[in-house]
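In what follows, a single structure is set out as structure tokens and then discussed.
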Amino acid sequence: MKKADLDVVGSIIEGLNIGLKNLPSLVVASICYILTIWIPYINVGTTIAMNSIPGRLAKGDVISPLFIFDEKYRRDFSAFFLLYAFVYMVTWVGYCFVVIPGIIISIAMSLAVYILVDFDKSPTDAMKLSNQATYGYKWKIFFIGVVEMIVIILGGAIVFAIGDAISASVCAILLIAYIACIMPISLGVKTVIYKKLYLDLLEEYQSIEVESAPSETEVNG
């Protein structure tokens with residue numbers, strides 16, 4: 001099986017393009033999520049829905065801003081909570097060993113929630129598959145996160161400087177608009193990582209399985 005082409009700068013640029021392409025719907029979805037995150041039970045479904053976005057974008061689905069209220073995301077949330085509990089426990093243990101193991105484990109588990117929501121896997125299967133998918137790519141994922149954070153901070157500084165040079169009210173408006181764009185762009189980057197490390201390789205693996213499977217003639221002798 002070929003290795004995924006996960007380039008740090010290329011992934012940031014591709015994620016930026018995905019985020020900007022779906023910006024209006026993702027901004028509205030993000031605002032709806034923030035407004036309803038304080039509502040018990042509803043917030044469980046919207047949180048799961050937000051975690052389904054990278055999988056949907058990776059498959060080219062058109063995102064409707066109000067999809068996060070779909071009741072299907074509230075039907076079975078026990079697996080979602082179990083996954084977060086398991087990931088928290090193993091990551092916490094890793095951080096106890098002088099931080100670095102915790103960072104590595106958190107990166108290894110970074111795709112688990114997307115796999116669980118996207119493919120309805122069990123929490124343990126999602127964690128195992130995430131670890132397998134990120135194997136050999138943890139440092140690249142780490143540097144993608146670092147570069148993404150630097151870009152976000154620099155962008156915020158530039159927006160603040162421009163707005164502050166005009167007036168305080170303009171500065172506030174520009175910063176609010178910029179913050180509203182951060183989540184879609186971040187989701188775009190996560191989409192690229194998930195697609196390249198899991199979906200593309202899964203598709204290739206399945207095609208290999210089909211090609212290697214015995215034909216009906218071979219089975220019947």
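Would segment 37-52 turn up any residue that is among the aromatic types (Phe, Trp, Tyr), on the phi > 0 side of the Ramachandran plot and open to solvent by 20 Å² or more (accessible area, probe 1.4 Å)?
Start the filter on segment 37-52 by keeping residues that are among the aromatic types (Phe, Trp, Tyr), which leaves 38, 41.
When the remaining residues are screened for being on the phi > 0 side of the Ramachandran plot, the result is 41.
Now restrict to residues that are open to solvent by 20 Å² or more (accessible area, probe 1.4 Å): 41.
For segment 37-52, residues among the aromatic types (Phe, Trp, Tyr), on the phi > 0 side of the Ramachandran plot and open to solvent by 20 Å² or more (accessible area, probe 1.4 Å): present.
Against the list (1) more than 19 Å from the chain's Cα centre (by Cα); (2) within 23 Å of Ser30 (Cα to Cα); (3) touching a residue at least 12 places away in the same chain (Cβ under 8 Å), the condition Ser64 fails is (1). Remark: pairs (first residue in segment 139-160, closer than 14 Å to Leu197 by Cβ; second residue surrounded by 15 or more Cβ atoms within 10 Å (Cβ to Cβ) and small (Gly, Ala, Ser); Cβ separation under 6 Å; 6+ apart in sequence or on different chains) = Ile144/Ser11. If the condition is being more than 21 Å from Val28 (Cα to Cα) and among the aliphatic types (A, V, I, L, M), then segment 164-178 contributes Ala165, Ile166, Ala168, Val170.
Between Ile34, Ile68, the distinction of being assigned to a helix (DSSP H, G or I) and crowded, with 20+ Cβ neighbours inside 10 Å belongs to Ile68 only. Restricted to helices (runs of 4 or more DSSP H) entirely inside segment 144-221, those with at least 3 residues that are over 24 Å from Gly55 (Cβ atoms) and modelled with pLDDT of 80 or more are 168-194.
If I ask for residues that are at pLDDT 85 or above and touching a Leu at 6+ places or on another chain (Cβ under 9 Å), which ones from segment 6-20 would you list? Selection gives Gly15, Ile18, Gly19. Looking only at residues of segment 140-180 that are closer than 15 Å to Ile13 by Cα and buried (at least 17 other Cβ atoms within 10 Å of the Cβ), we find that the one that is farthest from the chain's Cα centre (by Cα) is Lys140. There is at least one residue in segment 118-126 that is at pLDDT below 90, open to solvent by less than 80 Å² (accessible area, probe 1.4 Å) and within 28 Å of Ile179 (Cα to Cα).
Could you look through segment 73-84, keep only residues that are part of a helix (DSSP H, G or I) and without any contact (Cβ under 8 Å) to a residue 12 or more places away in the chain, and pick out the one that is least open to solvent (accessible area, probe 1.4 Å)?
This residue is Ser78.
Among the criteria (1) modelled with pLDDT of 90 or more; (2) surrounded by 15 or more Cβ atoms within 10 Å (Cβ to Cβ); (3) over 14 Å from the mean Cα position of the chain (by Cα); (4) not hydrophobic (A, V, I, L, M, F, W, C), the one Thr134 does not fulfil is (3). Among the criteria (1) of a type in the set (Phe, Trp, Tyr); (2) under 18 Å from the mean Cα position of the chain (by Cα); (3) at pLDDT 90 or above, the one Tyr33 does not fulfil is (3).
Being in a helix (DSSP H, G or I) and more than 25 Å from Asp76 (Cβ to Cβ) is a property that does not hold for Ile115.
The values are calculated or read from the model by the stated rules, or taken from the named source; none is laboratory data. Quantities reported herein were computed from a predicted structural model and do not represent experimental measurements. We place every Cβ from the backbone using ideal geometry, glycine too, and count neighbours over all the protein chains shown. Ligands, DNA and RNA are excluded from the accessible area calculation, which covers all protein heavy atoms including side chains. Shrake-Rupley method; radii C 1.70, N 1.55, O 1.52, S 1.80 Å.
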